[in-house]
Amino acid sequence: MKVIKIFLASSEEMDYDRMVFGNLIRRLDDVYEKRGIRLKLFEWEDYDSAFNDRRKQDEYNENVRESDIFLALFHKKAGQFTIEEFDVASETFKAKSSPKVYAYLKDLKPGEEVSKELEEFKRRMFDEMGHYWCRYDTRDSLQLQFVMQLQLVESSMGDNLVVENGDVRIDGLKVASMDRVKFASSNENYVKMSEELSVLPGKIEKAKERLQKYPDDEDLVEDLQQKLDHYNKLKKEFTEYQDILFDTAKRISRLQGEHITERMRRAMDAFNEGNVREANIILNEAEADAKRNLNDYKQSRMITEQKRQIVIYSLEELVLKISTVRADLSISEWDRFDLTDKLYLQALDIAQEVNYDKKKYAWLKEKYLGFLILHLHHCYDAGERAYKQGDLETAETMVQRGIKSLNKWLGDLPMGIDHSYELLGQIYHKSGDYVKALESYNKAIDFHNEIYVSDTVFMGDLLCPQTYNRMGCIYLEIKEFDSAIEYFEKALEALDSSRTKTSKCTALTYGNIYRNIGLVHKERGESAEAKDYLTKAQTVFTKVLGPEHKKTKETTNQLQTV
């Protein structure tokens, strides 16, 4: 079984924090043991005898050299032996790339001051080593930062650290609450959205109570629906923003213990204080500096490792800038996308030029794809809202924007592009451009079949039946009845092979197709066939929607006129 050795150094003033940290390691050990990994924590309390004994200190230093992760906790003081252990760990890392070295500084309370020794240590740590220390103010912050760094050392669990209902968890184990880590709890936008989400359910309940008293009041119906729509939209936006903040925190965690620039240090400090806007402003010159440093690198007659490192530092600034731009809600959504997209492409170009670390390059590409997919979904949602409101021009613009953004991506097709083309087909269909509608519907089906080539269950199971049905409707409208029947039958065939047979949506799709086939036969004057299919549709709608539903009544009327 693999063992990860963790050395925890600190002075006696950190008793409580060491206890918290020890408890965390024990709980994490249970999680990691299931994957064949044990976590072994070494603290100076584990040894008997005097802490100040030089012979004993040599023994401590040997444990430092053998560890995989070294952590030093500081608050107001910097003890002689803690600094010595930090130096031993740093020198050992230079020699054999282990242990990973991290310094944690606990925030001061009002009236507290740091010792001269700690001030000097902080200066030396950054000026001579380029080392950024981790700041924390709560137990949650301490625990979260360590777990993020642990995952960088041990990659067998992948990125299992996730946010669920405001709690950060790893394989179900709660590590921290987002409301108790400063980058979120002091972030103005995060707090505002969180507070609004906490009061909206109460307002929704009051709206429901009013509607129960006056069920025929259309204004009350509309008021309730607006509150529900706003709540669902805000909840989605809050979840996304929470993920962006958390992703930025993980990005900063990757940089801790590595050489960083002064500009990055100030930006990281600002983000950790909850001031995303300030962090973003601090990094404003990163893009221009990266271009200049890359040009200098390309034009150099002799390319040295030092020049390459200068470009890499610029690249790291760009990647951090990507995170702060995405989290800066003072910039409009679409401007944030354009700037983020531009920065990603610049960063990827630089990474290729300077032979960037392969794992980091793969990580950067993965993040870019995730960003493009999220943007695609945002464009789809905006297009769908405009479509429902009858603003077809805006709907087309938004959907096309999402599709266009993916044209730069040369990897596997992302999930969601098929649905974007399907919505585009609906937009063209409603505007009367049947040629473009059919082209878009065909692309939706082609992309869908290309993306989902396995037998795994997926959320888009009904896309093909519904798209074939819509194509059949176009041919029905232009009275090409043979083509209409062909596509309605394709819809039924695709629906029969669907893996979501028991859902309400599936049943309604069957009903819609039956009704459309019945209408084709009715147009042809084929009464028996028309009655057969319209009866099937009426049965489905009555069972699923009820006899008084508009769709059920329409189908009944159509059946009566055959």
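The values are calculated or read from the model by the stated rules, or taken from the named source; none is laboratory data. Treat the numbers as computed from the prediction; the structure is a model and nothing was measured. As a convention, Cβ positions derive from the backbone with ideal geometry for all residues, glycine included, and neighbour counts pool all protein chains shown. Side chains are part of the model used for accessible areas, which takes the heavy atoms of the whole protein and leaves out ligands, DNA and RNA. Shrake-Rupley method; radii C 1.70, N 1.55, O 1.52, S 1.80 Å.
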Going through the range 57-84 in order, the residues found to be of a type in the set (D, E) and more than 39 Å from the chain's Cα centre (by Cα) are D58, E59, E62, E84
Among the residues of the range 132-146, are any basic (K, R) and farther than 26 Å from N23 by Cα?
no
Within the range 416-443, restricting attention to residues that are in contact (Cβ under 8 Å) with a residue 40 or more places away in the chain and of a type in the set (D, E, K, R), which residue is most open to solvent (accessible area, probe 1.4 Å)?
K430
Return the residues of the range 310-319 that are in contact (Cβ under 8 Å) with a residue 40 or more places away in the chain, open to solvent by 10 Å² or more (accessible area, probe 1.4 Å) and over 15 Å from T248 (Cα atoms); say none if nothing qualifies.
I312, Y313
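Go through the residues of the range 181-194 one by one and say whether even a single one is open to solvent by 60 Å² or more (accessible area, probe 1.4 Å), outside any loop (DSSP other than H, G, I, E, B) and either modelled with pLDDT of 95 or more or closer than 27 Å to N280 by Cβ (or both).
yes
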Take the residues in the range 398-412 that are out of contact with any helix residue (DSSP H, G or I) (no Cβ under 8 Å at 6 or more places or on another chain) and in a helix (DSSP H, G or I); name whichever of them is surrounded by the most Cβ atoms within 10 Å (Cβ to Cβ).
K404
Options D289, D349; residue that is touching an Asp or Glu at 6+ places or on another chain (Cβ under 8 Å), assigned to a helix (DSSP H, G or I), open to solvent by 20 Å² or more (accessible area, probe 1.4 Å) and of a type in the set (D, E):
D289
Looking at (1) in a helix (DSSP H, G or I); (2) modelled with pLDDT of 90 or more; (3) open to solvent by 80 Å² or more (accessible area, probe 1.4 Å), which is the one condition that is false for K298?
(2)
Take the residues in the range 471-502 that are without any contact (Cβ under 8 Å) to a residue 24 or more places away in the chain and of a type in the set (G, A, S), then tell me which one is farthest from T555 (Cα to Cα).
S497
Among (1) charged (D, E, K, R); (2) at pLDDT below 90; (3) out of contact with any Asp or Glu (no Cβ under 7 Å at 6 or more places or on another chain), where does R135 come up short?
(3)
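Can you confirm whether V276 is β-branched (V, I, T) and modelled with pLDDT of 95 or more?
yes
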What residue, among those in the range 378-397 that are part of a helix (DSSP H, G or I) and open to solvent by 80 Å² or more (accessible area, probe 1.4 Å), is nearest to T340 (Cα to Cα)?
T397
Residue check: is S141 small (G, A, S), more than 17 Å from the chain's Cα centre (by Cα), modelled with pLDDT under 95 and not in a loop (DSSP other than H, G, I, E, B)?
yes
Among residues of the range 523-562 being of a type in the set (S, T, Y) and in a helix (DSSP H, G or I), the residue surrounded by the most Cβ atoms within 10 Å (Cβ to Cβ) is T555
If we scan the range 108-130, do we find a residue that is at pLDDT 85 or above and closer than 27 Å to L28 by Cα?
no
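Give the residue that is nearest to K192 (Cα to Cα), with candidates limited to residues of the range 320-333 that are open to solvent by 40 Å² or more (accessible area, probe 1.4 Å) and either in contact (Cβ under 8 Å) with a residue 40 or more places away in the chain or in contact with a helix residue (DSSP H, G or I) (Cβ under 7 Å, 6 or more places away or on another chain) (or both).
Across the range 320-333, the extreme among qualifying residues is L329.
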Single unsatisfied condition, K96 versus (1) surrounded by 13 or more Cβ atoms within 10 Å (Cβ to Cβ); (2) at pLDDT below 90:
(1)
Filtered residues of the range 265-284 (kept if in a helix (DSSP H, G or I), more than 22 Å from the chain's Cα centre (by Cα) and not hydrophobic (A, V, I, L, M, F, W, C)):
R265, R266, D269, E278
For the range 95-130, how many residues meet the condition of being farther than 21 Å from K182 by Cβ and not in a helix (DSSP H, G or I)?
9
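Restricting the range 65-93 to residues that are basic (K, R) and farther than 25 Å from R38 by Cα, which is most open to solvent (accessible area, probe 1.4 Å)?
So the residue we want is K77.
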Given (1) at pLDDT below 90; (2) surrounded by 15 or more Cβ atoms within 10 Å (Cβ to Cβ); (3) more than 32 Å from the chain's Cα centre (by Cα), number of the condition R54 does not satisfy:
(2)
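For residues that are surrounded by 14 or more Cβ atoms within 10 Å (Cβ to Cβ) and over 14 Å from the mean Cα position of the chain (by Cα), tally how many sit in the range 352-363.
Number satisfying all stated conditions: 5.
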Taking the range 210-221 and keeping residues surrounded by 11 or more Cβ atoms within 10 Å (Cβ to Cβ), in a helix (DSSP H, G or I) and out of contact with any helix residue (DSSP H, G or I) (no Cβ under 6 Å at 6 or more places or on another chain) leaves V221
From the list L224, L200, L245, L228, pick out the single residue that is touching a residue at least 12 places away in the same chain (Cβ under 8 Å), open to solvent by 30 Å² or more (accessible area, probe 1.4 Å), in a helix (DSSP H, G or I) and among the aliphatic types (A, V, I, L, M).
L228
